[in-house]
Amino acid sequence: MKKYTYTEQKDTRSGFGAGLLEAGKKNSNVVAFCADLIGSLKMGDFKNEFPERFFQAGIAEANMIGMAAGMATAGKIPFTGTFANFSTARVLDQVRQSIAYSNKNVKICASHAGLTLGEDGATHQTMEDISMMKNLPNMVVINPCDYNQTKAATLAILDYEGPVYLRFGRPKVPVFTPEDQKFEIGKAIIFNEGADVSIFATGHMVWKAIEAGELLAAKGIDAEIINIHTIKPLDQKAVLDSVAKTNCVVTAEEHLRNGGLGDSIAQLLALNAPAPIEMVAVDDKFGESGPPEELMSKYGLDTVDIVEAALKVIKRK
């Protein structure tokens, strides 16, 4: 098992804030919208640097999406910012009708995704957002794993023509990917090559997958660990090539089992190369208020859950 280490922890939302500021410096057509959450979305530096290109929409997310669609029609590159729940469920009609349907160049940037929003509870947490966004035609769905990758992804979507859903989070997590990385939309990253089980993880679960890989290695199990930062379009070749070696799969995501990364990979395997699969995800439940790590453990999204899923799926080969 390849050894990964980190020297600091940062929240992925700060990676977005840093990337947005740099994107604004690179391209004068970048404009930013926020729904009264400048601090939470780390958009303050962009606002201060480019006040004429920043628009405070207030707690009116549907209006924000409409304004962003209009700006895109006029040749601007809008980045919208609010919590993941309010970037999707609250505005699904506007996103579908005004952005996805007409393939507008709008970047929907969503923080505080999943259970790790923590103490704000179920009304603000969202574990169904990936499902909603990936099922919209034309929509790209990206879920990076750490600060550096979130910053790189923010810059990568600047150069992509079309609608994007960029998902990131609130808690500080290990920073373990390179600062100077090149982010390729739709290109999975192999963190460890292995022969016994394929572990496909996304977002905050990637580091937990690496930890699980170390525990499995201590048991003599060689896990292939792959970071699926782009859920749509899925890197089908990377998935199929890996499963051709290992013949069994674990997926890990901070999302509902229904409609998430696991669903996408299961569909791909069913159509091309059926193999046993176990999904580490939330099982058809809303979240609740509590410390993020305690919630991750309670809802079955911990390192040990990935290990147990791997041991189970290997027996099913």
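The values are calculated or read from the model by the stated rules, or taken from the named source; none is laboratory data. Here the structure is a predicted model, which means the values were calculated and not measured. Here Cβ is always computed from backbone atoms with ideal geometry, including for glycine, and neighbour counts include all displayed protein chains.
Per-structure values
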read-out: Residue among Ala270, Ala281, Ala238, Ala266 that alone is modelled with pLDDT of 95 or more and either outside the structural domain of Ala223 (by TED's automatic domain parsing) or assigned to a strand (DSSP E or B) (or both); value: Ala281
read-out: In segment 1-30, the residues that are surrounded by fewer than 23 Cβ atoms within 10 Å (Cβ to Cβ), of a type in the set (Val, Ile, Thr) and modelled with pLDDT of 95 or more; value: Val30
read-out: In segment 199-221, the residues that are of a type in the set (Phe, Trp, Tyr) and within 19 Å of Cys248 (Cβ to Cβ); value: Phe200
read-out: Matching residues, segment 11-62, being under 23 Å from Pro174 (Cβ atoms), out of contact with any strand residue (DSSP E or B) (no Cβ under 6 Å at 6 or more places or on another chain) and of a type in the set (Lys, Arg); value: Lys42
read-out: Segment 1-17 - residue that is among the basic types (Lys, Arg) and not in a helix (DSSP H, G or I) and, of those, nearest to Lys107 (Cα to Cα); value: Lys10
read-out: Among the candidates Gly194, Gly186, residue that is over 12 Å from the mean Cα position of the chain (by Cα), assigned to a loop (DSSP other than H, G, I, E, B), within 26 Å of Leu115 (Cα to Cα) and not polar (S, T, N, Q); value: Gly186
read-out: One residue from Ala23, Ala32 being touching a Leu at 6+ places or on another chain (Cβ under 9 Å), assigned to a strand (DSSP E or B) and assigned by TED's automatic domain parsing to the domain that holds Asp146; value: Ala32
read-out: Single residue of Gly194, Gly213, Gly203 found to be crowded, with 20+ Cβ neighbours inside 10 Å and at positive phi; value: Gly203
read-out: Segment 241-263, residues that are within 17 Å of Phe191 (Cβ to Cβ), part of a helix (DSSP H, G or I) and within 18 Å of the chain's Cα centre (by Cα); value: Leu261
read-out: Residue pairs meeting the criteria (Cβ under 8 Å; at least 6 apart or on separate chains; first at positive phi, in segment 82-108; second at pLDDT below 95 and polar (S, T, N, Q)); value: none
read-out: Qualifying position, being among the aliphatic types (A, V, I, L, M), at pLDDT 95 or above and closer than 24 Å to Gly186 by Cα, among Ala100, Ala89; value: Ala100
read-out: Residues of segment 91-118 satisfying the condition of being surrounded by 24 or more Cβ atoms within 10 Å (Cβ to Cβ), in contact with a helix residue (DSSP H, G or I) (Cβ under 7 Å, 6 or more places away or on another chain) and not in a helix (DSSP H, G or I); value: Val106, Lys107, Ile108, Cys109, Ala110, Ser111, His112, Ala113
read-out: Odd one out for Gly203, checked against (1) within 28 Å of Gly287 (Cβ to Cβ); (2) part of a loop (DSSP other than H, G, I, E, B); (3) at pLDDT 95 or above; (4) not assigned by TED's automatic domain parsing to the domain that holds Leu269; value: (4)
read-out: Qualifying positions in segment 291-317 - assigned to a loop (DSSP other than H, G, I, E, B) and either surrounded by fewer than 16 Cβ atoms within 10 Å (Cβ to Cβ) or on the phi < 0 side of the Ramachandran plot (or both); value: Pro291, Tyr299, Leu301, Asp302, Arg316, Lys317
